[in-house]
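J.: Mind looking over this structure? Questions follow.
The values are calculated or read from the model by the stated rules, or taken from the named source; none is laboratory data. Model, not experiment: these values are computed from the prediction. Don't worry about glycine lacking a Cβ; one is built from the backbone with ideal geometry, like all the others, and counts go over all protein chains shown. To get the accessible areas, we keep the full protein, side chains included, count just its heavy atoms, and leave off ligands, DNA and RNA. Shrake-Rupley method; radii C 1.70, N 1.55, O 1.52, S 1.80 Å.
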Amino acid sequence: SYLYGKAVGEEARYREKDVLLGPGVNIYRTPLNGRNFEYLGEDPLLASVLAVPYIKGVQENGVAPCVKHYALNNQEVRRDMVNVELSDRALHEIYLPAFKAAVEEGDVWSVMGAYNKVRGQYCCQNEFLNNKILKGDWGFDGVLVTDWGAAHNTLENALNGLDIEMGT
């Protein structure tokens, strides 16, 4: 995973790219998720173990990996409307470990917010996910960016931890 990240980072640097949109670390939950091809699997530990060296390899080249899609982007159908309700235990034991590892062990430079809602609030403007967990508990000091078109309210985005809003 490290050697792959290093090679991808070298190629990105050669092509004068500053950010790579990956790795994708969401958990496979349905075979119909159109992003499964870019995610690191269905196991939180495996996704964590694969993400960290990849991130380090890319960043060694001065290129920012953008770990995505934070968080719970586990389906394609109505992904911009679905509201994920789940227990704190499921959130922390299944869906967040790879993101946490990316931040705390990989010191990732960028995170991309997802389209969906979690507990009634869109991910890119989610106070609980962004300010409490990502920037608070984990101490993330990189850039939190939306997926393209995932911003719904600029003021709420700004107040709830988003750094960059990408258009459509």
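J.: Just to compare against my own numbers: the Cα pair-distance distribution for segment 1-103, 10 Å bins, whole % per bin, please.
T.: 16, 44, 29, 10, 0
J.: Report the Cα centroid-to-centroid distance between segment 121-168 and segment 70-104 in angstrom, as an integer.
T.: 14
J.: Now for a different question. For LYS132, list the lysines whose Cα falls under 26 Å from its own Cα; do not include residues on the same chain fewer than 8 positions away.
T.: LYS56, LYS68, LYS100, LYS117
J.: With a 1.4 Å probe and all protein chains kept in place, how much accessible area does SER1 have, in Å² rounded to the nearest 10?
T.: Counting only protein heavy atoms, SER1 exposes about 60 Å² to solvent.
J.: For TRP148 and GLU104, FRET efficiency with R0 = 35 Å and r from the beta-carbon atoms, rounded to 0.05? The partial results should precede the final answer.
T.: Values: r = 27 Å, r/R0 = 0.78.
In this case the efficiency is close to 0.80.
J.: Stretch ARG119-SER87 to full length: gain in nm at 0.36 nm per residue minus the Cα-Cα span? Each step should come with its number before you reach the end.
T.: Working: separation 32, 0.36 × 32 = 11.52 nm, distance 1.00 nm.
Going from the current span to full extension adds 10.5 nm.
J.: With a 1.4 Å probe and all protein chains left in place, how much accessible area per residue does the chain have, in Å²? Kindly include the intermediate steps, with their values, before the conclusion.
T.: Values: 8230 Å² over 168 residues.
Computed with neighbouring chains in place, this is 49 Å² per residue.
J.: Counting only protein heavy atoms and a 1.4 Å probe, tell me what percentage of segment 41-168's accessible area is made up of carbon and sulfur. Walk me through the numbers before you get to the answer.
T.: Details: 2900 of 5600 Å².
About 52 percent, which is the carbon plus sulfur part of the accessible surface.
J.: What distance in nm separates the two pseudo spin-label positions at ASP43 and GLU10, each 7 Å out from Cα along the beta-carbon direction?
T.: Distance between label points: 2.9 nm.
J.: Under a 5 Å amide H to amide H cut-off, with H placed in plane at 1.01 Å, what residues pair with MET112 once short-range neighbours are removed?
T.: Hits under the 5 Å cutoff: VAL67, LYS68, TYR70, VAL145.
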